[in-house]
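The values are calculated or read from the model by the stated rules, or taken from the named source; none is laboratory data. These numbers were taken from a predicted model, which means no experiment stands behind them. Quick reminder, even Gly has a Cβ in these numbers, built from the backbone with ideal geometry, and neighbours come from all protein chains shown. In case anyone asks, the SASA skips ligands and DNA or RNA and just uses the protein heavy atoms, side chains included. Shrake-Rupley method; radii C 1.70, N 1.55, O 1.52, S 1.80 Å.
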Amino acid sequence: MLKMFSTQLTGVFKKLMDEESFSFEDSARLLAQAAIGDGTIYIHGTGEMKGILAEAFDGPEIFPHAKPYDTASGSPALTIEDRVLIFTRYANDPEALSLAKTLREQHIPTAAVSSIIADDEQSLEKVTDVHVDLRLKKGLLPDETGGRYGYPSLMAALFAYYGIKFTLEEILQEYEEE
C-alpha cells in the first residue's frame with residue numbers, strides 16, 4: 001500500500017509542478033513586494049495546515065521576512081505594504097474565506113493555497129489575488145468498499161509552500177544582486 005501511495009503522491013507533486021508553477025511564481029512575486037519594501041509577510045494556516053507554520057517558523061530554514069498571522073491572539077495591525085499567505089484544506093473553508101474577505105476589504109494583497117472542490121462563488125480563488133490549487137479532491141488510495149483514503153493535504157501544501165518559498169528566495173537574491 002505504501003508503494004502505491006508513494007506513486008500517487010509523486011503524481012500529485014508532478015501535477016502541482018506542471019499546472020501550478022505560474023501560481024507559485026505569482027504568489028512569490030506578490031510576497032516579494034512586502035519583503036523588498038517596508039512590509040511583512042504573514043502566514044496563516046487553518047486546521048492541519050497549521051503544520052505549515054511549524055515548518056515556516058520552527059524548521060531549519062525560516063521563511064524570509066515572515067511572521068505568523070495568529071487570529072487566536074488577536075489579528076495583527078496590517079498596512080498596505082503587508083502581504084498574507086493563507087493555507088487551508090479546501091478553498092471554501094469558512095475561516096479562511098472570512099479572513100480573505102476581511103483582507104480584501106482592507107486592501108491587503110493575499111495569496112492562498114487550497115484545493116478547489118467545487119465551482120463556488122464563495123471560494124478563495126475568487127477573493128484572493130493569487131491562488132494555488134492543490135488539486136486534491138479525494139484520497140489517493142482505494143478501499144474495499146469503493147471509497148478512497150490517504151488524503152495528503154498537508155504534504156501537498158508543504159510542496160506548494162516550498163515552491164513559493166524557493167521562488168521568493170530567488171527573487172530576493174536577484175533583487176539584492178542588482
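Filtering Tyr151, Tyr162 for residues that are surrounded by fewer than 22 Cβ atoms within 10 Å (Cβ to Cβ), of a type outside the set (A, V, I, L, M, F, W, C) and within 13 Å of the chain's Cα centre (by Cα) leaves a single hit, Tyr162. Of the residues Leu97, Leu85, Leu78, which single one is buried (at least 21 other Cβ atoms within 10 Å of the Cβ), aliphatic (A, V, I, L, M) and free of Cβ contacts under 8 Å to residues at least 40 places away in the same chain? None of the others qualify; the one that does is Leu97.
Taking the listed residues Leu103, Leu124, Leu85, the one that is modelled with pLDDT of 95 or more and more than 13 Å from the chain's Cα centre (by Cα) is Leu103, with no other qualifying.
Set side by side, the residues Gly59, Gly11 differ, and just one is surrounded by fewer than 20 Cβ atoms within 10 Å (Cβ to Cβ), in contact with a Leu (Cβ under 9 Å, 6 or more places away or on another chain) and without any contact (Cβ under 8 Å) to a residue 40 or more places away in the chain, which is Gly11.
Within segment 131-145, the set of residues being open to solvent by 70 Å² or more (accessible area, probe 1.4 Å) and either farther than 21 Å from Glu19 by Cβ or over 19 Å from the mean Cα position of the chain (by Cα) (or both) comprises Glu144, Thr145. The sole residue among Ile116, Ile52 that is open to solvent by less than 60 Å² (accessible area, probe 1.4 Å), touching a residue at least 12 places away in the same chain (Cβ under 8 Å) and within 11 Å of the chain's Cα centre (by Cα) is Ile52.
Only one of the numbered conditions (1) on the phi < 0 side of the Ramachandran plot; (2) touching a residue at least 12 places away in the same chain (Cβ under 8 Å); (3) among the small types (Gly, Ala, Ser) is not met by Gly147, and that is (2). Scanning segment 25-43 for residues that are open to solvent by less than 10 Å² (accessible area, probe 1.4 Å) and within 19 Å of Asp93 (Cβ to Cβ) yields Ser27, Ile43.
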